[in-house]
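See structure below.
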Amino acid sequence: MKLKKLLAATLGLSMMFAIPAYANDADAVAVYQQMEQKSKEMSDMNAFYDYKITMSDGSANMDMRMEMNVKANQVQDPEHVKMNMYTRMTLGQIGSTGNGPGETETLDLSGTEMTYNVYYADDMYYMDLMGQKIKQPMPITEMMKQLKSTTGMMETDLQYLKDMKLRVEGEDRIVSFSMDMAQMNGLLEQVMGMQGMPDMEGISYGYRDVTGEYVVNPDGYCTKMRMKMTMDMTAEGETMTITMDGDVGFADPGQPVEIQVPNLAEYQLAATLDQQMMQE
């Protein structure tokens, strides 16, 4: 896959994780609104993702684990937001099925790792992918303005969640939910189709099923989000089903977070790097 499509696929998954989930059940609204208010007061974020992922296209399948640490400053101010996202993918088994008997093959890649590190600031997205340092314009400020004007995302948060329930575990309150797929896929389509996103030609995503839980501490902060997700990714005419099962933990919510800035002069535009590789 060309670098720009790998960048687009990576960013696509990142954006899907970034799309917020919201509540609409009266029994859990008070807890959710307290959590939402606390989130709006936060300027920084330090989140740890840990997901088991399975990908299958009918004839081949692959298992992996994805771990991410996402740090962000000024999360409530798109014009000044800064973000660092370190990702490690650990591969498991890869299986393929042929057309005849005995044509099933399994390749055990357990422990094989792929890492990349992303930095975002001033409408520019920088990615260090296994030594290849790429940059790509990504005007988040304009994207957020478009989202607000075209989807009403900031005013109609509650439309994305359904089937909410509330229970208590020790001192924590647990808000469970499922997502409205029609609403989420409509929002996703607008996000992925915005101007300024990396080249998404030939790549599309669609949610199939999403359920989850918020863990809310006595102070009203969300300390963990558990989530199960099934989605489809279509690239160059082929569709792959992706299932994810894991959680996102939020370290020290409400506290400042320090982000290390890489040497941005080392990064090249993705299109320039593609041209160099074609000439070699």
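Please treat every number below as a calculation from the coordinates, not as lab data. Being a predicted model, the structure only gives us computed values, none of them experimental. Note: ideal-geometry Cβ built from the backbone for every residue, glycine included; neighbour counts use all protein chains shown.
For segment 26-100 versus segment 253-268, the spacing of their alpha-carbon centroids is 19 Å. If you take all other residues with their beta carbon under 14 Å from the beta carbon of residue 64, and give Lys and Arg +1 and Asp and Glu -1, the sum is -3.
Where a ≥ b ≥ c are the square roots of the eigenvalues of the C-alpha gyration tensor, would you call segment 204-263 rounded, which needs a/c under 1.5, or, failing that, prolate if a/b is larger than b/c, or oblate? Each step should come with its number before you reach the end.
On the way: a/c = 4.40, a/b = 1.56, b/c = 2.82.
Note, shape of segment 204-263 comes out oblate.
Here the simple spin-label model places points 7 Å from the Cα toward Cβ, and for residue 108 and residue 162 these points are separated by 4.4 nm.
If you take every residue apart from residue 171 with its C-beta less than 14 Å away from the C-beta of residue 171, what net charge results, scoring Lys and Arg +1 and Asp and Glu -1? That works out to 0.
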